[in-house]
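Participant: Just passing along the structure, written as structure tokens.
Read-outs throughout are calculated quantities, based only on the coordinates presented, and are distinct from any laboratory measurement. Note that the structure is a prediction, hence the values are computed from the model and not measured. Don't worry about glycine lacking a Cβ; one is built from the backbone with ideal geometry, like all the others, and counts go over all protein chains shown.
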Amino acid sequence: MLHTSVQNPAQTPGQTPEQTLTVDLGERSYPIHIGPGLLNRADLIVPHLKQKRAVIVTNTTVGPLYLARLTQTLQDAGVQVDSVVLPDGEIYKNGETLNTIFDALLTQRAERKTTLIALGGGVIGDLTGFAAACYQRGMPFIQIPTTLLAQVDSSVGGKTGINHPLGKNMIGAFYQPQVVLADTDTLNTLPDRELSAGLAEVIKYGLIRDPGFFAWLEANMDKLRARDTASLIEAIYRSCLHKAEVVASDERESGQRALLNLGHTFGHAIEAGMGYGVWLHGEAVAAGTMLAAALSQRMGFLDAAVVERIRALFVRAGLPVDAPDLGEAAYMDYMGVDKKVEGGRIRFVLFKQLGEAFVSGDYDPLALQKVLTSRA
């Protein structure tokens with residue numbers, strides 16, 4: 001069951017209200033707060049600390065923008081704050097960088113009840129969460145995502161981990177945060193390309209389970225790309241609502257949570273094949289989703305008009321829709337190292353229709369071959 005509420009503390013006329021929803025996982029449930037100015041809200045953070053001590057993990061891009069503000073917010077509330085600043089980029093989501101966090105925690109003598117705070121995008125969130133899951137066999141952590149992609153997807157649900165040269169996110173743990181704060185003000189400094197990458201994950205929710213949301217995105221895409229605050233909050237809220245519902249019913253991806261990986265099997269192959277960081281994750285997901293749509297069409301599920309409608313929305317979002325030509329053999333090799341592989345068979349998230357997806361290893365190999373060799 002999912003609990004949702006709307007809050008508008010000290011709201012002034014015309015101000016967009018903060019929105020809150022809860023990921024219901026029993027005693028491990030946690031709130032997601034969405035809205036402007038949340039980095040200044042110690043009242044949303046301090047109640048979730050096990051002790052008045054925290055270590056903020058950020059990177060060289062986000063740190064100069066927001067680390068001082070968050071540090072001051074916590075210090076004003078009596079919290080002892082240390083920090084770790086990591087290099088920025090997907091290529092640093094690895095074991096060496098993970099050890100940098102461990103080195104800092106040990107040097108600073110962080111305790112099991114010290115809270116790790118992830119301040120950054122998906123890479124920082126995944127690294128910090130995995131470090132928290134491992135350090136002293138588990139310490140609390142908080143997600144403060146600063147990219148749209150992290151706010152609508154990676155910060156929610158407890159997936160943490162690092163990449164391996166042979167596969168993305170193959171080493172990690174399910175480990176839930178104490179709270180998620182999606183401060184929409186941080187999106188004002190997000191590059192346009194990163195904003196578009198986040199929109200790929202937003203569109204995903206409409207594709208797999210909510211055609212009404214997909215239609216809303218078609219009507220509001222221009223506002224989202226223009227960073228209209230109310231539209232962004234609505235998109236983030238509805239995305240998190242879907243993510244929270246799925247996670248609450250299938251925390252460890254034994255069933256329907258796998259649907260959230262729409263486009264990811266193809267997309268992870270693109271990221272690995274091109275070199276981590278060359279394509280942003282959301283860009284690879286968009287192109288990968290188009291490959292999944294093409295395979296669904298070849299298998300008789302989607303008609304051409306629906307595929308074109310999907311393509312058109314990705315284009316309007318500023319995303320690539322044509323996957324790079326890695327070669328069929330390379331795609332098959334990279335996709336063979338995927339968490340959805342079962343019994344040695346690649347399993348894909350496909351469409352039955354707009355808003356209805358399914359996971360299956362029962363696909364036509366010839367159709368897949370044509371999809372991988374007939375792209376523009």
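Participant: What list of ³J(HN,Hα) values in whole Hz, one per residue of segment 304-321 in order, does the Karplus curve 6.51 cos²θ - 1.76 cosθ + 1.60 (θ = phi - 60°) give from phi, with Gly and Pro shown as x?
Facilitator: My calculation for segment 304-321 gives 4, 5, 5, 4, 5, 5, 5, 4, 4, 6, 4, 4, 5, 7, x, 10, x, 10 Hz in order.
Participant: Would you work out if segment 237-373 is rounded, prolate or oblate? Take a ≥ b ≥ c from the square roots of the eigenvalues of the alpha-carbon gyration tensor; rounded if a/c is under 1.5, else prolate when a/b is larger than b/c, oblate otherwise.
Facilitator: Details: a/c = 1.22, a/b = 1.13, b/c = 1.08.
Cα axes put segment 237-373 in the rounded bin.
Participant: When the chain is fully extended, how far beyond the present Cα-Cα distance does M332 get from R309, taking 0.36 nm per residue of separation?
Facilitator: On the way: separation 23, 0.36 × 23 = 8.28 nm, distance 2.74 nm.
That pair, M332 and R309, stretches by 5.5 nm at full extension.
Participant: Separate question: Using a 10 Å cut-off around each Cβ, can you sort F351, F213, F102 from fewest to most neighbouring Cβ atoms? Show your work: numbers first, answer last.
Facilitator: Working: F351 24, F213 21, F102 14.
Lowest count first: F102, F213, F351.
Participant: While we're on this one: Could you work out the local net charge near K50, counting Lys and Arg as +1, Asp and Glu as -1, over the other residues with Cβ closer than 15 Å to its Cβ? Please report the intermediate quantities before stating the final value.
Facilitator: Numbers: positive: R28, K52, R53, R112, K113, R137; negative: E27, E111.
Its environment carries a net charge of +4.
Participant: Give the residues of segment 241-269 whose amide nitrogen is closer than 14 Å to a point set 7 Å from the Cα of I171 in the direction of its Cβ.
Facilitator: None, by backbone N distance to the label point.
Participant: For K50 paired with H164, estimate the spin-label separation in nm (one decimal), with each label point 7 Å from Cα along the Cα-to-Cβ line.
Facilitator: 2.8
Participant: While we're on this one: Express the relative contact order of the chain as a whole percentage, based on alpha carbon pairs under 8 Å and six or more residues apart in sequence. Show your work: numbers first, answer last.
Facilitator: On the way: 715 pairs, mean separation 54.2, N = 376.
Here the relative contact order equals 14 percent.
Participant: In whole Hz, what ³J(HN,Hα) sequence does segment 245-253 give by Karplus (6.51, -1.76, 1.60; θ = phi - 60°), x for Gly and Pro?
Facilitator: 4, 5, 5, 4, 8, 8, 4, 9, 6
Participant: How far apart, in nm, are two points set 7 Å out from the Cα along the Cα-to-Cβ line at V341 and at T373?
Facilitator: 2.2
Participant: Shifting gears a bit: Residue by residue, what Karplus-based ³J(HN,Hα) values in Hz, rounded to whole numbers, does segment 136-153 have, using 6.51, -1.76 and 1.60 with θ = phi - 60° and x for Gly and Pro?
Facilitator: With coefficients 6.51, -1.76 and 1.60, one gets 6, 6, x, 10, x, 9, 10, 9, 10, x, 10, 10, 4, 4, 5, 5, 9, 9 Hz.
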